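S.K.: Here you go, one structure.
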Amino acid sequence: MENLLRPLIVVGGSVVLTLVIGWATDLLLRKADERHHETPLWGLLRRGRIPYQLVLLAALLRGSYDEAELLESRAEGIGRTLTLVLIGSTAWLVIRIAAAIVETSYSRYASARAHRDPARVRRVRTQVTLIMRVVSAIVGVVAAASMLLTFPAFRAAGASLLASAGILGIVAGVAAQSTLSNMFAGFQIAFGDMVRIGDTVVVDGEWGTVEEITLTYLTVHTWDERRITMPVSYFTSKPFENWSRGTPQMTGIVFWHLDHTAPVEAMRDKLRDILRECPAWDGRAYNLCVTDTTPNTIQVRALVTAKDADDIWTVRVAVREQMVRWLADEHPYALPRVNTADAILPPSSGNGHNPSPDGVPLQQRRYHSSGRPER
């Protein structure tokens, strides 16, 4: 009877004690979260209740297993298994606690500076993300090494492994040169403030927003819902456009190629009216001028402003569309067209009229919409 009750008491008691302690701890964290709404720390710590209970259960079973006298022939294997579970769950719990602390610190910083300095908030967010990845990697490596050291064979081979660590390190460094360069580039991006999560960038002619930054790669979410994954070393070795660097305010331009008779002054007034009705225009500045001329057309440029990259795109397309529609409705002669009429000759008499091959003054000649002269 004792051989049956002892294992039940040891194992069952460990499970029950783990559940009770886990429930009590979760209850305390829940009450603390309700009392302190200004910090999300206590609510984030509740995410670690599962690894916390695993640590408790593994520790209790590992400490009391010898008293249970259960499967004594396999005691060594079961004990090592419990030790591995204890190490793994401890590493899991440490990562969850570190994540809760880091995320709480970032939330406080972001809430205090979100409106005053959004660029710095994005920078801190990028750094925090990479720091958490590094912490997770370090904890994982330490946990894996601790698990390996529980096996006697690995402890015996430790001396020889350490003796050859220098050569293996050189070989691994040469083999993983690109990986290591990307990793160091990731640190350079995080703490050099080159690009941050949420920045609007243009890389290889693609416009998008930085969605994720890791130690080895960076993901850009394009405007057409595509994801471009690039090595982080690209951003440390090649030029790229970062539209979110500094202030988010932007200036955009719109070009038209028009006929030489285009009403430039009327276009300036129309541009003003279009911008006043466009919510995306920030009201800072606008301008319209002729920037170039060719034998057939003139180039008209409109300059507009907006508070960020998204709004400048909206303002540009609105101005381009509405101006073309207005010209087509009110001033169709201003649109570019192919001129097939004869050249106007210099005056040969004092009557002010230029002769033409058919005897009709060219100033009085009428033209079809296709550009061909009427007879």
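The values are calculated or read from the model by the stated rules, or taken from the named source; none is laboratory data. What you see is a predicted model; the values in this text were computed from it and never measured. No Cβ is skipped: glycine too gets one built from the backbone with ideal geometry, and neighbour counts run over all protein chains shown.
S.K.: Right, residue 81: within 36 Å of the chain's Cα centre (by Cα), within 30 Å of residue 147 (Cβ to Cβ) and at pLDDT below 85 or not?
M.R.: Taking the combined requirement at face value, the residue does not satisfy it.
S.K.: Among the residues of the range 252-270, are any outside the structural domain of residue 319 (by TED's automatic domain parsing), surrounded by 16 or more Cβ atoms within 10 Å (Cβ to Cβ) and β-branched (Val, Ile, Thr)?
M.R.: No, the conditions are met nowhere in the range 252-270.
S.K.: Report, ordered by the first and then the second residue, all pairs with beta carbons closer than 6 Å, sequence separation of six or more or different chains, a first member in the range 260-286 that is under 20 Å from residue 312 (Cβ atoms), and a second member that is surrounded by fewer than 14 Cβ atoms within 10 Å (Cβ to Cβ) and of a type in the set (Ser, Thr, Tyr).
M.R.: So the pair list comes out empty.
S.K.: Still on this structure, I have one more. Mind checking whether some residue in the range 88-110 is at pLDDT below 80, assigned to a helix (DSSP H, G or I), in contact with a Lys or Arg (Cβ under 6 Å, 6 or more places away or on another chain) and more than 23 Å from residue 53 (Cα to Cα)?
M.R.: So far as the range 88-110 goes, no, none of its residues is at pLDDT below 80, assigned to a helix (DSSP H, G or I), in contact with a Lys or Arg (Cβ under 6 Å, 6 or more places away or on another chain) and more than 23 Å from residue 53 (Cα to Cα).
S.K.: Any residue in the range 21-49 that is loosely packed, with under 15 Cβ neighbours inside 10 Å sitting within a Cβ distance under 7 Å of a residue that is of a type in the set (S, T, N, Q)? List the pairs, counting only those 6 or more apart or interchain.
M.R.: Once the first residue is loosely packed, with under 15 Cβ neighbours inside 10 Å and sits in the range 21-49, its partners that are of a type in the set (S, T, N, Q) give 39/104.
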